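Just so it is clear, none of the values below were taken in a lab; they were calculated from the coordinates. Given the structure is predicted, the values throughout are model-derived calculations rather than measurements. Backbone-built Cβ (ideal geometry, glycine too); neighbour counts: all protein chains shown.
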Amino acid sequence: MLCAALVVLGAVQLFAAVTESSTNVPLAIPDNGNVNSTLNFSVAGTITDANLTVNIAHTWDSDIQLTLTSPSIAAQILWQNCGGSGDNMTNTVIDNDAAGLANCAFAGAPFTGSFQPTTGPAPVAAPGSLNAFDGAASNGIWTLEVADDSATAPGTLNAWSLTLDGAPPLPVELMEFEVE
């Protein structure tokens, strides 16, 4: 009788919500320019849900555009022209499952809480979606681009993180089998 068992030692798999943060911040957001920050997501798995959290100090939030790229999925614009003359994004979670904004132009900055990917000033769904990452591999270098479309108000990307969910592991009875 030949017995075989699947054993994974030392490998961390994405089976539930895992949050990892960028380590190359804070970064200045130049006037009428952009800055890229990276995050090396070390936990491997297949993504079932993705959420982006940002902390940005910036006057005139409507000047900001957020674009996220994964190791295998093209750039997704998740936030653009939203917030009017409001200042800052504080623990702002971009989440496809969150409530949408009723009025993006005057949404009550600083944005704190969870919001759907949005473009404004009359809020509509952003051209990108966090759902685009569902089914893709989680591990590797992710890039957040923060762009400022005005020449009068610089800012700072203070922090950002990704929370990725994955499929649950196989039940224990399916992890071991016998071949005769």
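What FRET efficiency comes out for Thr163 versus Ala57 if R0 is 30 angstrom and r is the Cβ-Cβ distance? Round to the nearest 0.05. Please list the in-between numbers first.
Details: r = 22 Å, r/R0 = 0.73.
Efficiency computed from Cβ-Cβ geometry: 0.85.
What distance in nm separates the simple spin-label points at Asn24 and Thr112, each placed 7 Å from Cα in the Cβ direction?
Output for this residue pair reads 3.1 nm.
Using 7 Å Cα-to-Cβ label points, what is the Asn34/Ala16 separation (nm, one decimal)?
Result for the modelled spin labels: 3.6 nm.
Taking only C-alpha pairs under 8 Å that are 6+ residues apart, what is the relative contact order of region 13-83 in percent?
24
Just name one of Gly113, His58, Gly33: the one whose Cα is farthest towards the positive end of the charge dipole of region 14-115 (beta-carbon charges, Lys/Arg +1, Asp/Glu -1).
Gly33
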